[in-house]
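Accompanying notes for the structure given below.
The values are calculated or read from the model by the stated rules, or taken from the named source; none is laboratory data. Quantities reported herein were computed from a predicted structural model and do not represent experimental measurements. Neighbour counts are summed over all protein chains in view; Cβ atoms, including those assigned to glycine, are modelled from backbone coordinates with ideal geometry. When the accessible area is computed, the model is the full protein with side chains, heavy atoms only, and any ligands, DNA or RNA have been set aside. Shrake-Rupley method; radii C 1.70, N 1.55, O 1.52, S 1.80 Å.
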Amino acid sequence: MTLTSLRQQYQDGTTTPAEVIKTLGEKISTEDTEVKAYLSHDLDQALKDTEDYDASLPLAGLPIAIKDNINTFGAPCTCASRILEKNYTSPYNATVIDKLKSAGAIPFGRTNMDEFAMGSATENSALQLTRNPRNLERITGGSSGGSAASVAAGTAFAALGSDTGGSIRQPASHCGIVGLKPTYGRVSRFGLVAFASSLDQIGPLTNSVDDAAMILQAIAGYDSRDTTSLDVPVPDYSATINDGVKGLKIGIPAEYFGEGIHEGVRKNVEECVQRLKDQGATIVPISLPHTEHSVATYYVIAPAEASSNLSRFDGIRYGNRATNATDIVDLYHQSREQSLGPEVKRRIILGTYVLSSGYYDAYYSRAQKVRQLITRDFKKAFTKVDVIISPVSPTPARKIGACEGDPLQDYLADIFTIPANLAGIPAISVPCGTTSFDGADDLPVGVQILAPHLGEQMLLRVAKAAEQA
Ligand code: GLN
């Protein structure tokens, strides 16, 4: 059920927020045993929160699941890592949580993710494996896999995730729901545990485009506590969402439809484009020539920033501390060695390497230049078109375990989502059909829509047309 219809049921008196929280609790205890989207939840607190129900608020009484890297006062915030699994309780609310609460919403549960949001399958969680509700042998995608699975399984009506290189859009695509990454700076990152600070954005995972707009409306806006937050007014996203695509120009980048795409993905995305054309949009072939360098660029910049951001997890300031260390340096080494997972260590080593004085120019500095070229590709394209459409992921959800020991395979599959993060532009994943892949039928496929910087109104308008088509 969508947030929009749940809100309608509250207004009609068909159900109440307290009833809904109780039902969610029952559903989680019976159905989440297999999917395992949740790391923890506090339904007693959620039930108390329903007492503040104020029908005049836009998200009154609507329960929302939260990725476990967004701080919520009094709740755990594990980032699915052993280092924060015990001994850490959030002492404050992230700005998005304050904003959700003041809009009347009820954050009630903490969803699984790849450790520190590093991954594309949620298999890098140190705490549990989340399965795709559409096919339990398949990955959910990642890193917001728990958020996507909770919404797809109906154990949440909507969830927040974070997207550094695709972590909202890719799991949304694999689980058959909507996932929106806003413009960099549109939503405050204050209280989001930092992975790669120049790329991270918080956004909604929902059952409909209208729901994504509703949540974005509540969480967007300037925040003096995030220095990269944009001081630009928030438009009314619902005002233009039903305007349709007639007269709009949709860019189709040649580089996103080339080799390596699964035929079923290509077919579903192309059919979606055709339906938008039938509704009066003009299709314009475009080129984003630096796309092929996006994965390499991202996997230099993101680990570089991660290596710096994660230096705070040293066993002193946060989380698990080694007990038998001989001195302070040994304490750092042992605490990190014992409590960080293999992918996190790989990124820290890689990031430290590309930032080291001997290699800085060859890797980090060069990656920053290529990032500019990728950004310029989009700027140029958006002088000709209103939005760009592409697949979200080259394939539907793969089998669990299929990339074990071969992280590069998963890195490469991020090729269509990473460019939006490097350029800082908004992008959304909308379900556009299903296909067969590697022995399974009916696997969801997502179409990605990208818009210019701060073009969320346009993005949501085209997304809604695609959803209805
Ligand atoms: N899959 C990418 C990575 O592993 C993106 C993750 C994300 O967006 N948090 O870094």
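Odds and ends about this structure:
- Test item: Cα-centred dipole of the chain, Lys/Arg +1 and Asp/Glu -1 on Cβ, debye: 920 debye
- Accessible-area value, Val35, 1.4 Å probe, nucleic acids and ligands omitted, Å²: 10 Å²
- Percent accessible area from carbon and sulfur atoms, the chain, protein chains only, probe 1.4 Å: 50 percent
- Derived scalar couplings between HN and Hα for region 93-103 equal 8, 4, 4, 4, 6, 4, 5, 4, 5, 6, 8 Hz in order, rounded to whole Hz, by the Karplus curve 6.51 cos²θ - 1.76 cosθ + 1.60 (θ = phi - 60°), x for Gly and Pro.
- Residue-wise HN-Hα couplings along region 316-333, as the Karplus relation 6.51 cos²θ - 1.76 cosθ + 1.60 with θ = phi - 60° gives them from phi, are 9, 7, 9, x, 4, 10, 5, 9, 10, 6, 8, 8, 5, 5, 4, 5, 4, 4 Hz; Gly and Pro carry x.
- With the simple model of a label 7 Å out from the Cα in the direction of the Cβ, Asp231 to Glu259 spans 5.0 nm.
- Inter-label distance, nm, simple model (7 Å from Cα along the C-beta direction), Asp52/Ile283: 4.9 nm
- Long-range amide H partners of Asn124 with built H, under 5 Å: Glu115
- For Lys345 and Gln372, the difference between the fully extended length at 0.36 nm per residue and the C-alpha to C-alpha distance is 6.9 nm.
- Note: relative contact order over region 276-409, using C-alpha pairs below 8 Å and six or more positions apart, is 33 percent.
- 16 Å tail of the calculated P(r), region 133-197, as % of Cα pairs: 43 percent
- Alpha carbon Rg of region 263-319, scaled by the compact-globule rule 2.2 N^0.38 Å: 2.05
- In this structure the chain gives 38 Å² per residue of accessible area when probed at 1.4 Å with all protein chains present.
- Overall shape of region 344-431 was characterised from the C-alpha gyration tensor. The equivalent ellipsoid obtained from it has semi-axes of 26, 23, 8 Å, in decreasing order.
- Put simply, the amide H of Asp442, placed in the peptide plane, has neighbours under 5 Å in Thr435, Ser436, leaving out anything fewer than 5 places away on its chain.
- FRET efficiency estimate (nearest 0.05) - Cβ-Cβ, Asp330 to Thr240, R0 60 angstrom: 0.55
- Hydrodynamic radius of region 103-232 per Kirkwood, over alpha carbon pairs, in Å: 14.5 Å
- Percent of Cα-Cα distances greater than 18 Å, calculated over region 396-469: 54 percent
- Using a 4.7 Å Cβ-Cβ cutoff, the cysteines of the chain lacking any partner cysteine are Cys77, Cys79, Cys175, Cys403.
- Projecting the Cα positions of Val178, Pro235, Thr33 onto the charge dipole of the chain (unit charges on Cβ atoms of Lys, Arg, Asp and Glu, taken about the Cα centre) puts Pro235 furthest along the positive direction.
- Taking 0.36 nm per residue of separation and subtracting the Cα-Cα distance, full extension of the segment from Lys380 to Thr4 would add 131.7 nm.
- Sequence-distant contacts, meaning Cα pairs under 8 Å at least 6 residues apart, place the relative contact order of region 343-469 at 25 percent.
- The chain, relative contact order in percent, only Cα pairs under 8 angstrom and at least six apart counted: 17 percent
- If you bin all the Cα-Cα distances of the chain at 10 Å, starting from zero, the percentages per bin are 5, 22, 33, 27, 11, 2, 0, 0.
- In the frame of its principal axes, region 1-154 has Cα extents of 42, 36, 21 Å, reported largest first.
- Summarising the amide proton neighbourhood of Asn93: residues at separation of 5 or more, or on other chains, whose placed amide H is nearer than 5 Å comprise Phe73.
- Qualifying lysines (Cα of each under 30 Å from Cα of Lys369; at least 8 residues distant if same chain): Lys181, Lys249, Lys345, Lys379, Lys380, Lys384
- Estimated FRET transfer efficiency when R0 is 22 angstrom, pair Arg317-Gln409 (beta carbons, to 0.05): 0.05
- For region 1-144, the number of Lys pairs separated by eight or more positions or lying on different chains, with C-alpha atoms closer than 18 Å, is 7.
- Over the chain: helical MRE at 222 nm, DSSP H runs n ≥ 4 each giving -39500 (n - 2.57), nearest 500: -11000 deg cm²/dmol
- Alpha-carbon centroids, region 14-83 and region 195-248: separation in whole Å: 22 Å
- Where both bridge residues fall in the chain, DSSP classifies roughly 70% of the beta bridges as antiparallel.
- Model label points for Leu129 and Asp441, set 7 angstrom from Cα along the Cα-to-Cβ axis, are 2.6 nm apart.
- Sequence-ordered 3J(HN,Hα) estimates for region 379-387 from the Karplus curve with 6.51, -1.76 and 1.60 and θ = phi - 60° stand at 4, 5, 4, 6, 7, 10, 10, 7, 9 Hz, glycine and proline given as x.
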